[in-house]
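Only one structure is covered here, and it is reproduced in the block below.
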Amino acid sequence: MKCPACKNSLREKGAGGMTVDICYGGCGGIWFDQRELQRVDARSAANLHTVWRDPNKEVKLTEPRVCPRCPEQVLERRWFSEQKLVEIDQCPTCGGLWLDEGEFSRIHQEVKGAKVAPPGWVAAMAQAAAQVRV
């Protein structure tokens, strides 16, 4: 699969009991298939805060991005939650989510800042992800 932001090849990375696709050595983004973000627990989150990024890789945040699973589908830009702190890219066809470098950590902080304790933060992320599909 190709990275929607920098066109680098995505690599699979184990995160807790699941596998996500990361842009390792590229822009540092993370692809979550539908409902994968909802399954993130504290153990898997620890593996996703830092993805090695090439500092020379230029990423234009305003350019349209194509879904790595649905090659003809452009991702839609949406707010992660009603707080409007983090914008994410979502595929309207497969429901996958693209998070640019640092967005996963900001989402984690947003949910954590809501004073939701694990495993409750998983439920909060699931609820927020469900609202994104509206």
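The values are calculated or read from the model by the stated rules, or taken from the named source; none is laboratory data. Because the structure is predicted, anything quoted here is derived from the model rather than measured. Glycine also receives a Cβ, built like all others from the backbone with ideal geometry; neighbour counts cover every protein chain displayed.
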*For segment 6-42, name all the residues that are more than 14 Å from the chain's Cα centre (by Cα) and in a helix (DSSP H, G or I).*
Ala42
*asked:* If I filter segment 81-97 for residues that are under 16 Å from Lys13 (Cβ atoms) and either modelled with pLDDT under 95 or not in a loop (DSSP other than H, G, I, E, B) (or both), do I get at least one hit?
replied: yes
*Residues Arg106, Arg69: which one is part of a helix (DSSP H, G or I), at pLDDT 80 or above and farther than 19 Å from Gly17 by Cα?*
Arg106
*Which residues, taken from segment 1-49, are of a type in the set (Lys, Arg) and over 18 Å from Glu76 (Cα atoms)?*
Arg11, Lys13, Arg39, Arg43
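Residues are listed down the side, and each one gets a yes or a no for (1) in contact (Cβ under 8 Å) with a residue 60 or more places away in the chain; (2) over 24 Å from Val111 (Cβ atoms):
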{"site": "Lys7", "(1), (2)": "no, yes"}
{"site": "Glu12", "(1), (2)": "no, yes"}
{"site": "Asp21", "(1), (2)": "no, no"}
{"site": "Arg39", "(1), (2)": "yes, no"}
{"site": "Ala45", "(1), (2)": "yes, no"}
{"site": "Asp54", "(1), (2)": "no, yes"}
{"site": "Glu58", "(1), (2)": "no, yes"}
{"site": "Arg69", "(1), (2)": "yes, yes"}
